[in-house]
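Everything on this sheet refers to the single structure shown next.
What follows is calculated from the coordinates using simple rules that are stated; it is not laboratory data. Worth saying up front: this structure is predicted, and the values here are computed from it rather than measured. Here the Cβ is made from the backbone with ideal geometry for all residues, glycine too, and neighbour counts use every protein chain on show.
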Amino acid sequence: MKRRVDFLIIGSGIAGLTYALKVADKGSVFIVTKASEDESNTKYAQGGIAAVMYEPDSHEKHINDTLIAGAGLCDEEVVRMVITESTEKVKELIEWGANFDKNKKGEYDLAREGGHSEHRVLHHKDNTGFEIERALLAKVYKHPNITILDHHFAIDILTQHHLGEIVNSKTPDIKCYGAYVLDAKTNKIETILAKVTCMATGGAGHVYVTTTNPKVSTGDGIAMVYRAKGHVKDMEFVQFHPTSLYNPGEHPSYLISEAVRGFGAVLKTIDGKEFMQKYDERGCLAPRDIVARAIDNEMKLHGHDYVELDCRHLDRKGFIDHFPNIYNKCMSLGIDPFIKKIPVVPAQHYLCGGIIVDKTGRSTIEKLFAIGECTCTGLHGANRLASNSLLEGLVYAHHAAADSIAEMQNNSFNEKIPDWDAEGTEHPEEMILITQSLREVQQIMSNYVGIVRSELRLKRAFDRLEILYQENEALYEKTTISPRLCELRNLICIGYLIIKHAKQRKESVGLHYMLKFKE
Ligand code: FAD
Ligand code: SIN
């Protein structure tokens, strides 16, 4: 079955929804999203969104903090663009209905997180992402040109490859004509032809055993673009959040926001010793790569499974007021943060690399824009500064929308694209093959391609993943498509890209830490 739309957006987090609102007055919009429409990394964002609001803060200070966190690998022009637009774009989000907490003076109550030299993080209690997603969806529902296709899984983008032409990464004019999308309710694969397609599929946390990301984060957009021969960069820079709640068996891991450390909580070993000053003079509020590595090192030194976050000295009322969800979560596990320290451990949290885009969100494939966590814009360099990613999604949605409107007006549908051919495929008899392979991918990545890496570990991971790749491609060829099978295929691709880029980088920088280059 064929459907036609001016703008096809894949993903309904902050990036996809903002872009939808910005293009919808100019044409028809489909938002394809693989679970319920609010399910996304955005929904779980706790700390908030970084923006310069009042003196003594300044754009220059925020730019400087971003560049320092990025360890010399940020694109300074991009950093300047995003940060100088932060105030205006966040004000627009507020006009659209997002609420952020204010203090008694009526000013925004700005929090501080690791790597920030000022208080500049706007937040809504400790569930900022939920509030942003709520406000954006409320506005999207009201727009007559926007249709949300929930529980629709994008399998692959459409290019000349689907017309039988040979396409490789050097082909200069690869074009995107839309996507093949599986309606999970009917199990039918639809051909959605679009004049412009926008990838906004978020992160890839589930390539690791422990992650703070919800289940939808399987790197689909990056894998789709890579398969279509688009260019992808910086995949070695995987951010591990230092403080996810240590609660074995809980997947995904529950986040204990960095804002809790911004509020004064202190990291200690199980035997009660502070350790962060040994690693960095900024202590518990050093950038994330440094804190996560320090925790990893302390756990290994002492043979402990976790470290602890001491909140016992903090103002109880202020804490509960700022972090009601974190407080309730801890209490539900029998941890009263004012009596016991909170056990924490690093967990995969964010992917800095992704689909290469320019300042307008254009990918290397024509008619295909990409925005949000699935991209590599140059903002984060080797390590993302806390609370800069919601901001990046907002700013790039704006830029990509402006260019997409002009692009859409010049494009037409490619009617030659054939419908999906399911001939010769069978229902999988053995789901165990998919679930077991997924476990293996996650184990390989967690054991060998985590916070600390070495050439030997990377080689072993690469060799093991190669076997899984071959097995899964064979399964893919003969099996009826399902979201689980596609996600496995995508995660194998993401694992491959992380390892490949990690092997290519011959230095330790930011989030990529190789034993051999530790000096
Ligand atoms: P997402 O919000 O992840 O949305 C991606 C969308 O794509 C989802 O709707 C998903 O279902 C859909 N999708 C994926 N694949 C497919 C497919 N094949 N077909 C159809 N749909 C698909 N950042 C901050 O700046 N501040 C914070 O305080 C903060 N806290 C965080 C806390 C947690 C627990 C987590 C996990 C992340 C946090 N982050 C934070 C990071 C931030 O939330 C994300 O980087 C950001 O929300 C990404 O937005 P996005 O729109 O790019 O992607
Ligand atoms: C947090 O609240 O610690 C997450 C902030 C982020 O990932 O930017």
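Packing, as the average of other Cβ atoms within 10 Å across residues, places the peptides 41-54, 139-152 in the order 41-54, 139-152, highest first.
Just the number: Rg to Rh for region 310-354, Cα atoms, Kirkwood Rh, two decimals.
Details: Rg = 13.3 Å, Rh = 12.0 Å.
Radius of gyration over Kirkwood radius for region 310-354 works out to 1.11.
With bins 5 Å wide beginning at 0, the percent of Cα pairs of region 360-497 falling in each bin runs 2, 8, 13, 12, 12, 15, 15, 12, 8, 2, 0.
Semi-axes of the equivalent ellipsoid for region 125-195, please: Cα gyration tensor eigenvalues, times 5, square-rooted, ordered largest first, whole Å. Whole-Å semi-axes of the equivalent ellipsoid: 32, 17, 13. Working note: Karplus 6.51/-1.76/1.60 with θ = phi - 60° gives region 385-400 the couplings 6, 3, 6, 8, 8, 4, 4, 4, x, 5, 5, 6, 4, 5, 5, 5 Hz, where Gly and Pro are set to x. No solvent, one uniform scatterer per C-alpha: report log10 I(q)/I(0) for region 16-89 via the Debye equation at q = 0.18 1/Å, two decimals. With one equal scatterer per Cα and no solvent, log10 I(q)/I(0) is -0.93. Could you tell me how far the Cα centroid of region 1-66 sits from the Cα centroid of region 470-519, in Å? Using only Cα atoms, the two centres lie 26 Å from each other. Taking amide H positions as modeled 1.01 Å from N, with prolines and chain starts lacking one, the residues under 5 Å from residue 204 and 5 or more places away or on another chain are 219, 351. Here the average projected area of the convex hull drawn through the C-alpha atoms of region 295-376 stands at 9.0 nm². Measuring spread by the Cα atoms of region 154-313 yields a radius of gyration and Dmax of 21.8, 66 Å. Based on alpha carbons, the Rg and Dmax found for the chain are 22.2, 68 Å. Helical runs assigned H by DSSP (4 residues or longer) give the chain a calculated mean residue ellipticity at 222 nm of -11500 deg cm²/dmol, each run adding -39500 (n - 2.57) before division by the residue total. Taken about its Cα centre, the chain carries a charge dipole of roughly 420 debye when the Cβ of each Lys and Arg holds +1 and the Cβ of each Asp and Glu holds -1.
Between amide H atoms placed 1.01 Å from N, distances below 5 Å from residue 125 occur with 101, all of them 5 or more places distant or on a separate chain. The Cα atoms of region 16-147 cover 43, 38, 26 Å along the three principal axes, with the biggest extent listed first.
Straight-line reach from residue 459: taking Cα to Cα under 19 Å and skipping same-chain neighbours fewer than 8 places apart, the lysines in range are 500, 503, 506, 516, 518. Percent of C-alpha pairs per 10 Å bin in region 1-52, short distances first: 22, 44, 26, 7, 1. When the alpha-carbon atoms of region 367-428 are used, the pair Rg, Dmax equals 18.1, 49 angstrom.
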